[in-house]
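*Asks:* There's a structure below that I have some questions on.
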Amino acid sequence: MDLPELHRLMLVARRIDEEAIAMQRQGELPGYAPMKGQEAAQVGSAAALDLTRDFAFPNYRDLGAAVAMGVDLVGYLSTHLGTWHGGMYDPQASRLAPVNAVVGGAVPHAVGWAMGARLDGTGGVAITYFGDGASSQGDVHEALNFAAVYRLPVIFFCQNNGWAISVPAERQVAGGSVAARAAGYGIEGVRVDGNDVLAVFEATSEALCRGRDGGGPTVIEAMTYRMGPHSTSDDPGRYRTLEEEREWAERDPVARAAANLPAEVVAEAEAHAAQVVRQVREGLIATGERPAGELFSFVYREPTKALLDQQRGSHV
């Protein structure tokens, strides 16, 4: 994939992210986790996937990955409406697992899928997204160890955006590098400029080849920055400086890509993004409330008596 197409995808992610924040402020969305500044990390990595056999496992801040993978964005963002268990898009068809709001929770899931891919011989590789804060979770370390022991085809993609909510990375990542931890598990670790979409695409492509060829897992640490708040209820001005934000704004991944493209290409991408934003906003507003009875759907493969009793007692 070339720079114009990657920029086009990043711009869609940026504009939808901005619209989602506006919709939250307008009362259309209950809450939202902005991802402005992390577009290159997400788009560059997800765009490298082979959607006929790979699978991605996101957290709650990976809109850019969904955009790059062609996921139904109304269905994806409906997660933030609380209308369904992880969104209303089709995970199997899109190759993007349901949004996981548990910190580090998607990482073991990706390793389990990678084990299945190894057993099935599909040549598929899993990629799992998590932040520098999540890298401190026990689940992440257990997943790394399991994947390393079995040499599983999985990419551990850490978006190091500098902040675990309000705690800076240097206060919660021992050793200063998530990628360096890979050596302790005997696997490949790569640190990449997370604001350079082409560099991210290349690093992910190499990790995918390694996984397909039996080379085992890869840890990719994409060094980037969350330009906005942790969530729409957060005030980053309480824990970081304006000088820091201005410094990182000069490394804006979308502007960086646009600077290397003709003005007419950028203008066309802006027009395309505006059209997508209108469609997504209209689709979300038209979604409406889901039947309350769906709260009981797919809780278990076979509903238990207790669940059925609750459903009958709810009169829904």
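*Asks:* Would you mind getting me the FRET efficiency between E5 and C209? Use the beta-carbon distance for r and R0 = 25 Å, nearest 0.05.
*Replies:* On the way: r = 21 Å, r/R0 = 0.83.
With R0 = 25 Å, the Cβ-Cβ based efficiency is 0.75.
*Asks:* Here's something else I'd like to know. Treat each spin label as a single point 7 Å out from the Cα along the C-beta direction, and report the T304 to E18 distance in nm.
*Replies:* The two pseudo-label positions are separated by 4.8 nm.
*Asks:* May I ask you to give the percent of accessible area on the stretch 26-185 that is carbon plus sulfur, with a probe radius of 1.4 Å?
*Replies:* On the way: 3020 of 5640 Å².
That fraction is 54 percent.
*Asks:* GluC sites (Glu not before Pro) within the stretch 211-316: which are DSSP loop residues with at most 13 other Cβ atoms inside 10 Å? Don't skip to the end; give the middle numbers.
*Replies:* On the way: sites: E221, E243, E244, E245, E247, E250, E264, E268, E270, E282, E289, E294; in loops: E250, E289.
Passing sites in the stretch 211-316 are E250, E289.
*Asks:* What length, rounded to one decimal in nm, is gained on full extension from F296 through to D90, with 0.36 nm per residue of separation minus their alpha-carbon distance?
*Replies:* Values: separation 206, 0.36 × 206 = 74.16 nm, distance 1.89 nm.
This chain segment gains 72.3 nm when fully extended.
*Asks:* Right, here's the next one. For the stretch 42-102, what's the relative contact order in percent, using C-alpha pairs closer than 8 Å and at least 6 residues apart? List each step's numbers first, then the result.
*Replies:* On the way: 86 pairs, mean separation 23.0, N = 61.
Over the stretch 42-102, the number comes to 38 percent.
*Asks:* Considering only the chain, what is the antiparallel percent among its DSSP beta bridges, to the nearest 5? Intermediate results must be reported in sequence, preceding the final value.
*Replies:* Working: 2 of 24 bridges.
Around 10 percent antiparallel, to the nearest 5.
*Asks:* Suppose the chain between E245 and E142 were pulled fully straight at 0.36 nm per residue; how much longer would it get relative to their current alpha carbon spacing?
*Replies:* Values: separation 103, 0.36 × 103 = 37.08 nm, distance 3.40 nm.
Stretched out fully, the E245 to E142 stretch lengthens by 33.7 nm.
*Asks:* For the stretch 124-213, what does the accessible surface come to per residue with a 1.4 Å probe? Please give it in Å².
*Replies:* Values: 3540 Å² over 90 residues.
With the other protein chains kept in place, the stretch 124-213 gives 39 Å² per residue.
*Asks:* Moving on. If we count every other residue with Cβ under 14 angstrom of A147's Cβ, Lys/Arg +1 and Asp/Glu -1, where does the sum land?
*Replies:* Working: positive: R118, R151, R181, R210; negative: D139, E142, E188.
So the surrounding residues net to +1.
*Asks:* Picking from P303, A263, V276, whose Cα lies most toward the positive end of the charge dipole for the stretch 247-316 (charges on Cβ: Lys, Arg +1; Asp, Glu -1)?
*Replies:* P303
*Asks:* Enter the per residue convex hull volume of the chain, computed from alpha-carbon coordinates, in Å³ rounded to the nearest integer. Please list the in-between numbers first.
*Replies:* Numbers: hull volume 45.0 nm³, N = 316.
Per-residue hull volume (Cα only) is 142 Å³.
*Asks:* For V102 paired with E268, estimate the spin-label separation in nm (one decimal), with each label point 7 Å from Cα along the Cα-to-Cβ line.
*Replies:* About 4.5 nm separates the two model spin labels.
*Asks:* Follow-up question, since we're still on this one. For D235, D196, what's the largest-to-smallest order of accessible area, 1.4 Å probe?
*Replies:* Numbers: D235 80, D196 45 Å².
Ranked from most to least accessible, the order is D235, D196.
*Asks:* So for the pair L198, R151, with labels modelled 7 Å out along Cα→Cβ, what separation do we get in nm?
*Replies:* 3.4
*Asks:* Rule-of-thumb check for the stretch 108-181: C-alpha Rg over 2.2 N^0.38 Å?
*Replies:* Values: Rg = 13.4 Å, N = 74, 2.2 N^0.38 = 11.3 Å.
It is 1.19.
*Asks:* Taking chymotrypsin sites (Phe, Trp or Tyr not before Pro) as candidate sites, keep only those in a DSSP loop with at most 16 other Cβ atoms within 10 Å, then name the longest stretch of the chain containing none of them. It would help to have the intermediate numbers written out before the result.
*Replies:* Values: sites that count: Y150, Y239, F298, Y300.
Counting at most 16 other Cβ atoms within 10 Å as exposed, the longest clean stretch of the chain is 1-149.
*Asks:* Find the relative contact order for the chain and round it to a whole percent, using C-alpha pairs within less than 8 Å whose residues are 6+ positions apart.
*Replies:* On the way: 568 pairs, mean separation 70.2, N = 316.
Once normalised by length, the contact order is 22 percent.
*Asks:* Right, another one. Please compute the alpha carbon radius of gyration of the stretch 82-241, then divide it by the globular-protein estimate 2.2 N^0.38 Å. Two decimals is fine.
*Replies:* Values: Rg = 15.9 Å, N = 160, 2.2 N^0.38 = 15.1 Å.
Here the answer is 1.05, to two decimals.
*Asks:* For the stretch 224-316, what mean projected area does the convex hull of the alpha carbons give, in nm²?
*Replies:* On the way: hull surface 45.4 nm².
Seen from a random direction, the Cα hull of the stretch 224-316 projects 11.4 nm² on average.
*Asks:* Can you give the translational diffusion coefficient of the stretch 212-268 in µm²/s, computed by Stokes-Einstein from the Kirkwood radius over Cα pairs at 20 °C and 1.002 mPa s? Spell out each step's value before the answer.
*Replies:* Numbers: Rh = 14.8 Å.
Approximately 145 µm²/s, per Stokes-Einstein.
*Asks:* Oh, and also: Would you kindly state how much longer the chain becomes between V167 and E282 on full extension, computed as 0.36 nm times their sequence separation minus their alpha carbon distance, in nm to one decimal? Before the final figure, lay out each step's value.
*Replies:* Numbers: separation 115, 0.36 × 115 = 41.40 nm, distance 3.67 nm.
Gain on stretching V167 to E282: 37.7 nm.
*Asks:* Let me ask something else about it. Could you work out the relative contact order of the stretch 1-116, using alpha carbon pairs under 8 angstrom and six or more residues apart, expressed as a whole percent?
*Replies:* Numbers: 147 pairs, mean separation 28.0, N = 116.
With pairs under 8 Å counted, the relative contact order is 24 percent.
*Asks:* Next up: Leaving out ligands, DNA and RNA, and with a 1.4 Å probe, what % of the accessible surface on the stretch 239-314 is carbon or sulfur?
*Replies:* 54
The values are calculated or read from the model by the stated rules, or taken from the named source; none is laboratory data. Note that the structure is predicted; figures quoted are calculated from it, not measured. Ideal geometry is used to build each Cβ from the backbone, glycine not excepted, and the neighbour counts take in all protein chains shown. The protein model used for the area step is the full one, side chains on, heavy atoms only, and it has no ligands, DNA or RNA in it. Shrake-Rupley method; radii C 1.70, N 1.55, O 1.52, S 1.80 Å.
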